[in-house]
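The values are calculated or read from the model by the stated rules, or taken from the named source; none is laboratory data. Please read all numbers here as calculations on a predicted model, not as lab measurements. Here the Cβ positions follow ideal geometry from the backbone for every residue, glycine too, while neighbour counts run over all protein chains shown. The accessibility values were calculated without ligands, DNA or RNA, using every heavy atom of the protein model including side chains. Shrake-Rupley method; radii C 1.70, N 1.55, O 1.52, S 1.80 Å.
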Amino acid sequence: YDFIGRGEAFKKGTAYMSVWMYVIRELEDAIDDCNVECNIDNCNEDAVHAWDEGVAFYTGSEEEKDGSGSGALLYSLADKRCANFKTCGPEGDSVSGTSNINIKIFSEFAAGQMNLNLGNCDAARVNKDRISELMGVPLVQGVLRYAHKIDSLADNSEKSKAEGAVFAAAILPRLHACSPGAAATVYENMKVGATSTSLSAVKSAFEKNLVCMGIAGDDVGGVYDIDAGAFFLGAAPMNENKTSGGVNILGIVLGSVLGGVALIAMFGFVYMMKREKSGNPMFKNPDEVIA
């Protein structure tokens, strides 16, 4: 990369890789400081303080009280990406307003703070784990956004390629934990110096592992064309049911129905056999019945 690409790598890498991990570190520190057996007031003050630091690093100092500022950290990223993927607002179906991911994350932040105050350390860890999953959504959106730019829109600028590479580097460990093969696909398509980029290959690699990553397709959304009022071709919202490593909901439903039918048939057969052996079969010869 020249100066443009290096500049993007420095800026985006600092915010979306280094600060991202430091948020998790502060939340983990809070749980480490959590005391289950609280016998005095404010005995979990240190834990709550560390948790608040995690919230501060996630949000940044320029978002203002209502989040309407122009920050440069993770809160701001989620708001930017929701406008690109039509996942803003309380229902996650708008292109303006607060990101639905930020709404969900701050709900978990509040619940975690309460649990720490009450000494519910295990419950606070559940909140932390969910926050970590949700924080991955804007990173996946970032990879898809720049894969779409490079592939579908033929944007071969150094800026777009560098941004895509940083977003991929930030989320690849999570994807690799679910599927090394899928991570390799994303890496080859988004790495520094990639000779080609396929949006469909990148999208499919994530789509098959959403359940494993704790991410819903509706949370990610699709690359949205505001002018056309529709999703770009090949960039529609993802379907987490197309999963190889997680749970296939359709398969479970069909399997349950067929299994239930088979079980009923088996019991019916056993019942008929018992009636037959007892000399009182369910189906009798009409002549025998008349006689």
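Conditions first: (1) out of contact with any Lys or Arg (no Cβ under 7 Å at 6 or more places or on another chain); (2) under 16 Å from residue 135 (Cβ atoms); (3) surrounded by 17 or more Cβ atoms within 10 Å (Cβ to Cβ). Residue 27 passes all but one, so which condition is the exception?
It is condition (1) that residue 27 fails.
Which members of region 152-210 meet the condition of being of a type in the set (Val, Ile, Thr), crowded, with 21+ Cβ neighbours inside 10 Å and within 19 Å of residue 136 (Cα to Cα)?
Correct list: 166, 171, 186, 202.
Any idea which of (1) of a type in the set (A, V, I, L, M); (2) assigned to a helix (DSSP H, G or I); (3) open to solvent by 50 Å² or more (accessible area, probe 1.4 Å) is the one residue 143 doesn't satisfy?
(3)
If only one of 86, 104, 80, 65 is among the basic types (Lys, Arg) and farther than 25 Å from residue 222 by Cβ, which one is it?
Being among the basic types (Lys, Arg) and farther than 25 Å from residue 222 by Cβ holds for just one of 86, 104, 80, 65, which is 65.
Select from region 82-131 the residues that are in a helix (DSSP H, G or I), of a type in the set (Val, Ile, Thr) and open to solvent by 10 Å² or more (accessible area, probe 1.4 Å) and list them in ascending order.
Hits for region 82-131 are 103, 126.
If you go through region 214-240 one residue at a time, how many are outside any loop (DSSP other than H, G, I, E, B), surrounded by fewer than 24 Cβ atoms within 10 Å (Cβ to Cβ) and within 11 Å of the chain's Cα centre (by Cα)?
Selection size over region 214-240: 2.
If the requirement is being farther than 30 Å from residue 46 by Cα, touching a helix residue (DSSP H, G or I) at 6+ places or on another chain (Cβ under 7 Å) and at pLDDT below 95, which of these qualifies: 156, 189?
156
If a residue has to be assigned to a helix (DSSP H, G or I), farther than 16 Å from residue 213 by Cβ, aliphatic (A, V, I, L, M) and out of contact with any His (no Cβ under 6 Å at 6 or more places or on another chain) to count, how many in region 185-201 make the cut?
2
If we keep just the residues of region 61-81 that are of a type in the set (D, E, K, R) and open to solvent by less than 30 Å² (accessible area, probe 1.4 Å), which is nearest to residue 28 (Cα to Cα)?
63
I need the full set of residues from region 130-147 which are without any contact (Cβ under 8 Å) to a residue 60 or more places away in the chain and not small (Gly, Ala, Ser), in order please.
Across region 130-147, the qualifying residue is only 146.
Mind telling me which of the residues 247, 253 ends up being surrounded by fewer than 16 Cβ atoms within 10 Å (Cβ to Cβ), aliphatic (A, V, I, L, M), more than 19 Å from residue 140 (Cβ to Cβ) and at pLDDT below 95?
From the options 247, 253, the qualifying one is 253.
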